[in-house]
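Every read-out reported here was derived from the displayed coordinates using simple, explicitly stated rules and does not represent laboratory data. Owing to the predicted nature of the structure, the values given are computational and were not obtained by experimental measurement. So basically every Cβ, Gly included, is an ideal-geometry build from the backbone, and we count neighbours across all protein chains shown.
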Amino acid sequence: MTMTSTSTLRRPVAVARVAGLLYLVIIVAGVGGEALVRGPIAVAGDPSQTVANLVAAELPFRLSVMGDALMALADVALGVLLFFLLRPVSRVLSMMAMAFRLAQAAILGINLLNLLLAASFAGRGDPLAAAFLEAHGVGYDLGLLFFAINCVLVGALVYRAGFMPRAIGAALGLSGLVYFVGSTLRVVAPELAPAVAPAYALPLVAELAFCGWLLIRGVRTPSWRAAVGLPPAA
């Protein structure tokens, strides 16, 4: 083991807090861009009004695209850090969780092309801009299918870990089910999707709780060191 990796092993709380900061960036960028910028722009069934709204808010719209790009970048880094923190529980499951999170980040990153095309077509007054916005929504839900599996795996790892609260692990696991059902309905039966919208309150609370725990507490260091096989800190 190198000196750097040994030093990192001795600072799990610092790693956890960086992970918490990245999670906060993801939450703020993701919720802010969708709820505050793109949500008010799209008008269901009225492509012309959607185009007019997009043209009127082009700069905030493009900034929201950059915010989503930042979110995807943070997701990649967070996936790696959570693998580091959770691999003492199960190297295989933590690697699978990282893989699904990285797949989600890749899908969401590529999906940003739909937003850029929407802005480009709106600038020409072309109502196809609304179709690209809708395509982005579908692409986002496809990405969330991968994130749903990640949530179930991370939830199971946190629940089993002993160095993070079991309640957060259970909530994350249930959140994965909410994401999976909601995104599946958006793709195969869009008319039923609004019925599960209230259930998305659970993932919001669970992810905020996980983010807050990572930022404030990090991990229970003695339990984490024992899981890794390190002696208790002096």
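How much net charge surrounds Leu116 when only other residues with a Cβ under 12 Å from its Cβ are counted (Lys, Arg +1; Asp, Glu -1)?
-1
Roughly what angle does helix 91-123 make with the longest principal axis of the chain, taking Cα atoms, 0 to 90 degrees, to the nearest 10?
It works out to around 20 degrees.
In bins 5 Å wide, starting from 0, what share of all Cα pairs of the stretch 141-200 does each bin hold, as a percent?
Reading upward from the zero bin: 4, 22, 24, 19, 14, 9, 5, 2, 0.
GNM on the chain, C-alpha springs below 10 Å: top fluctuator among Ser64, Ser94, Ser120?
Ser120
Just rank Arg62, Arg101, fewest to most, by other beta-carbon atoms within 10 angstrom.
Lowest count first: Arg62, Arg101.
Using the beta-carbon distance between Glu58 and Leu21 and R0 = 22 Å, what value does 1/(1 + (r/R0)^6) give for FRET efficiency, to the nearest 0.05?
0.15
Once the piece of chain linking Met66 and Arg160 is laid out straight, how much longer is it, given 0.36 nm per residue of separation minus the C-alpha distance between them?
30.2 nm
Any idea what Rg and Dmax come out to for the chain if you just take the C-alpha atoms, in Å?
Here Rg and the maximum Cα pair distance are 19.6, 67 Å.
Calculate the length of the line joining the C-alpha centroid of the stretch 57-90 to that of the stretch 113-186, in whole Å.
Value for the Cα centre distance between the two parts: 12 Å.
Got a sec? Which residues in the stretch 109-149 would a label at Ala197 touch, if it sits 7 Å along Cα→Cβ and we count backbone N under 20 Å?
131, 133-142, 144-145
Among Asp126, Asp75, Asp68, which comes first, second and so on when ranked by fewest other beta-carbon atoms within 10 Å?
Neighbour counts put them in this order, fewest first: Asp126, Asp68, Asp75.
Can you sort Arg220, Arg186 so the residue with the fewest Cβ neighbours within 10 Å comes first?
Ranked by crowding around the Cβ, least crowded first: Arg220, Arg186.
Among Ala167, Ala206, Ala35, which one moves the most in a GNM of the chain with springs linking Cα atoms closer than 10 Å?
Ala35
Taking 25 Å as R0, compute the FRET efficiency from the Cβ-Cβ separation of Ala209 and Ser120 and round it to 0.05.
About 0.05, to the nearest 0.05.
Normalising by the residue count of the chain, find the relative contact order in percent from Cα pairs under 8 Å and 6+ residues apart.
That works out to 23 percent.
If the elastic network links every pair of Cα atoms under 10 Å, which of Ile26, Ile110, Ile41 fluctuates the most in the Gaussian network model of the chain?
Ile110
Would you mind getting me the FRET efficiency between Ala35 and Ala170? Use the beta-carbon distance for r and R0 = 25 Å, nearest 0.05.
Given R0 = 25 Å and the Cβ-Cβ separation, E is 0.40.
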